[in-house]
Structure formats: C-alpha cells, structure tokens
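> Mind looking over this structure? Questions follow.
The values are calculated or read from the model by the stated rules, or taken from the named source; none is laboratory data. This one's a predicted model, so the numbers in the text were calculated from it and none came from an experiment. No Cβ is skipped: glycine too gets one built from the backbone with ideal geometry, and neighbour counts run over all protein chains shown. Just the protein is used for accessible areas: all its heavy atoms, side chains included, with ligands, DNA and RNA removed. Shrake-Rupley method; radii C 1.70, N 1.55, O 1.52, S 1.80 Å.
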Amino acid sequence: MAIDLSSAAQAYQRLGVKPVINATGSVTKYGGTRTRPEVMEVMAGAARIMVNVDELNRKAGEEIARITGAEAGFVCSGAAGGLVLQAAACIAGKDPVKMRRLPDTTGMKREIIIQNMHRFPYEQAYRAGGAKLVEIGDSRYSHPWELEGAIGENTAAVAFLCAPLTNRRAIPLPQVCEIAHSRGVPVIVDAASMLPPRENLKRYLADGADMVAFSGGKGIRGPQGTGILCGRADLIEAAAAHANPAQFLGRPMKVAKEEIVGLITALNMFVEEDEDAEMRAYAAMAQQVVDALSEVPGLDVTLMHDKHDYLIPHALLRFSEDWRGPSKNEITKAMEEGELPIYLHQLGQPEELAVDPLNLTQEETTIVIQRLREELTR
Ligand SMILES: *Cc1c(COP(=O)(O)O)cnc(C)c1O
C-alpha cells in the first residue's frame, strides 16, 4: 500500500511535533518500530467490518498457538498488558467471584516470586494485576534453595525476565521451571523484546514456561499497542477471561478488532521472513557505522551480534582510556538536541554507546554517521 508520508508528516507538524531518528531500537518512547505497511492496510479495512470480538479473540489465539507451538494464545495490549493478565490469571484464575474482587486479593494466593537480578520497572504491571512481589537473591547471586524456600502457600507464580543486557547469573529458566513445577507453581515469562530471533517464539515454552508475553509492536512490527500471550491452555483461558471485551480487570487495556487481525497478519509475515537475509541487512548498516568511525583515535568500534544482548547487529562504540574527546554524556546530549534529534542505544556499559539499525533507513544511517563524526571530533 502506498502510504502518503507527506500528509502523515503534516499531521505531526500541525501538532508541532518534529520527527526524530531512532537509533536505539524498539524503544516505545522514540516511536517503537515502523508498523508494516501491509498490516496498516489490513487494519484500515478490518476497522470497517464488524465482528464478534470473543470469536475473533478465540481464532486469533488458535493462530498464535499454531505459530508458537503453545497450547493456547491471546492478543493482549502490549507485553506490559500481558504481564497484568499473567498476574490476574495466576491469582484469580477464572473464578468470577475472585475476578470481580480484583485488585482486592483478600483470600487469594498473590505472591509472585522474582529474582533480584530480574527486578525491572515493568514489574509494576504484576502489582497492577494484584500481585505482591517476593524477592529472592541479590544483584550477584541467586540460589535454587532460595527459590525453594520462598515458595509457600501464598505463591501464585514465579516471574522470569528474558531481556537483553540482563544479568545472566540468575537461576536459569529451565531450573526455575523444574523447581516451581515440583511445587505446582506456574512460571510466567516476560520476553517482550526477544524477537527476532524467531526461534525464541518457541524457546521459553520449550524451557518449561507456563505463560510467555511478547511485544507485538517491537521486532514483529505489528500494531504498536499489541502484545502476545502464549502458553498453557487453562492459564491463557483465565487471562482472556479477565480481558477485553469482558468487563473485568483487563477491560481498560482494550485491543481493537483491527489491531487483533493486524497483529496476526504481522506475526504471519514475521515468521515467513528469511532471518539470515534480515540479519545480513542490519549487519551491513551497522558495518557502515563501524567503517566510518574506525579511525577516530581513542574509540573502539565493533560490530556486535549475539543471542543475549545484541539480538540484531549493532555498531558498538567504546571510549577507551585514550579517549580525549567530549564525554559520552556530552555527545549524547548534542545528538539528541540537534536540529534533527538522534537517539542512540545507551543500555550497555557506562563507557559505551551503540547504534541499533532496527529503525534506520539508509538515508538516516548516513545522517547518524555524519552527526556522530561531527560530535566525536569536536
Ligand atoms: C518493551 C518491554 C515491555 C513492554 O512491552 P510493550 O509491548 O511495549 O507493552 C515489557 N517488558 C520488557 C522487558 C520490555 O522490554
């Protein structure tokens, strides 16, 4: 579909909002990702056709189950909305009396165990679903016996975070699942930003997870407000019971009919793509940055691509001890405050910056390189 970019730009312009260059990946604050044009086309049509949303949810769930290999699936409002539903499903199940009582959890098991190394701002979504978080371990260690000791009669679930640049000394997912399952406790996973690689669609379930949340608006490039829940049939059924269109805890996190079909369209396109070709294209863009900056004295520039922290190829800039130029903060500020604001990836070590090509066009990559050169050699 030919999208009229000039009228789109005007809509932002009328509000006085200026476009930015997002070299930091699928970060919602800087636009998330570019929704696939084919998805927008399907959504434009689907918005005009009335359907029964319960039926649509059920059929979309079956499609998610087919693609992820899970028993069941559900389209939720972003991965964050999925976390609220995970908590609600584990705490209240699909007992209408308990469902109606939420967020008051009187008389319900409500503790969700989380390793210290997995604590993150999104955990508030679990609390929004009624959970009380119980922490185990510290920032350097957590031991299987700590998990065993924390599980008790008020345990509703164990939460597990899968995210880039997360401390990998936490108890691994398969072991967490083994311990939790031996006590009849489900394991709920947040893997919002772990796609691609596509193999992760099935990986956490294979490791034993009972419910997994993915973002629909990140690597899949579906509607920005959507997410995916997949996992055990009884838990997914409970999560769906709390959600739109039913009038329970999940109702304020509505997903529209056209977003549901849009997400399924995007997911199908995502799994059919050639991942090697996609990665080669990102690597070629990141390599342009590496080549352009490799001569800057005191700066080490490398192409990073691995299964943990840099899921798509990045250009990593590391300021060495010999760096004599402006500080990382000065460079970041100058890039963000330029005429055309540029946001770089900041999540690595304090002396590192990175360029994530996920959202960059060739034209934007050239601008990023030119602006980086200016600020690095100032
Ligand atoms: C992005 C992200 C979320 C939120 O995902 P949305 O689809 O934007 O709601 C939750 N958890 C983690 C770890 C994330 O990276």
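> Regarding the chain, what's the average projected area of the Cα-atom convex hull, expressed in nm²?
19.8
> Right, another one. Can you tell me the 0 to 90 degree angle between the C-alpha axis of helix 53-68 and the longest principal axis of the chain, rounded to 10?
Compared with the principal axis, the helix lies near 70 degrees.
> Would you calculate the separation in nanometres between label points at L15 and H143, each defined as 7 Å from the Cα along the Cα-to-beta-carbon direction?
Result for the modelled spin labels: 5.2 nm.
> Same structure, new question: Let a ≥ b ≥ c be the square roots of the eigenvalues of the Cα gyration tensor of the range 287-378; is it rounded (a/c under 1.5), or, if not, prolate (a/b larger than b/c) or oblate? Show your work: numbers first, answer last.
Details: a/c = 1.44, a/b = 1.09, b/c = 1.32.
Because its axes are fairly even, with a/c under 1.5, the range 287-378 counts as rounded.
> Between L372, I91, P223, whose Cα lies farthest towards the positive end of the dipole of the chain when Lys and Arg beta carbons carry +1 and Asp and Glu beta carbons carry -1, centred on the Cα centre?
Of the options given, the answer is I91.
> Under the 0.36 nm per residue contour assumption, what length would be gained going from the current alpha-carbon distance of A163 and L5 to full extension?
Working it through step by step, the gained length comes to 53.6 nm.
> Right, here's the next one. For V97 and R251, compute 0.36 nm times the residue count separating them, minus their Cα-Cα distance, and round to one decimal in nm.
53.8 nm
> Another one. Go through K18/K328; K218/K328; K59/K254 and tell me which ones have a Cα-Cα distance over 19 Å in this structure.
Among K18/K328; K218/K328; K59/K254, the Cα-Cα distance tops 19 Å for K18/K328; K218/K328.
> So, one more: Okay, helix-only estimate at 222 nm for the chain: each DSSP H run of n ≥ 4 adds -39500 (n - 2.57), divide by all residues, round to 500 deg cm²/dmol; what do you get?
-12500 deg cm²/dmol, from helical runs alone.
> Order the peptides 358-365, 215-222 from the highest to the lowest mean number of other Cβ atoms within 10 Å of their residues.
Values: 358-365: 17.0, 215-222: 26.9.
Output ranking for 358-365, 215-222: 215-222, 358-365.
> Right, something else. Regarding the range 51-272, what whole-number volume in Å³ per residue does the convex hull of its Cα atoms give?
Hull volume normalised by residue count: 103 Å³.
> Shifting gears a bit: Once the other residues with Cβ under 12 Å from the Cβ of K328 are scored (Lys, Arg +1; Asp, Glu -1), what is the net sum?
So the environment of K328 carries a net charge of -2.
> Can you sort R127, R110 by solvent-accessible area, 1.4 Å probe, largest first? Please report the intermediate quantities before stating the final value.
Working: R127 125, R110 80 Å².
If we order R127, R110 from most to least accessible, we get R127, R110.
> Once you order the gyration tensor axes a ≥ b ≥ c over the Cα atoms, which shape class does the range 198-298 get: rounded for a/c under 1.5, otherwise prolate or oblate by comparing a/b with b/c? Mind dumping the intermediate values first?
Numbers: a/c = 2.59, a/b = 2.17, b/c = 1.19.
In terms of gyration-tensor shape, prolate.
> Could you work out how far the C-alpha centroid of the range 293-316 sits from that of the range 1-71, in angstrom?
Between the Cα centres of the range 293-316 and the range 1-71 lies a distance of 30 Å.
> Here's something else I'd like to know. Between their Cα atoms, which of K94/K132; K109/K202; K202/K257 are more than 21 Å away from each other?
Those over the limit are K109/K202; K202/K257.
> Continuing with this model, one more query. Calculate the dipole size of the chain relative to its Cα centre from +1 charges on Lys and Arg beta carbons and -1 charges on Asp and Glu beta carbons; express the result in debye to the nearest 20.
Its charge dipole is roughly 1240 debye.
> Can I ask one more? For an R0 of 25 angstrom, estimate the FRET efficiency from the Cβ-Cβ distance between K59 and E273 and round to the nearest 0.05.
Result of the calculation: an efficiency of 0.60.
> Follow-up. How far, in nm, would the chain grow between Q175 and L133 when pulled straight, counting 0.36 nm per residue and subtracting the alpha carbon separation?
Once the chain is fully extended between Q175 and L133, it gains 13.1 nm.
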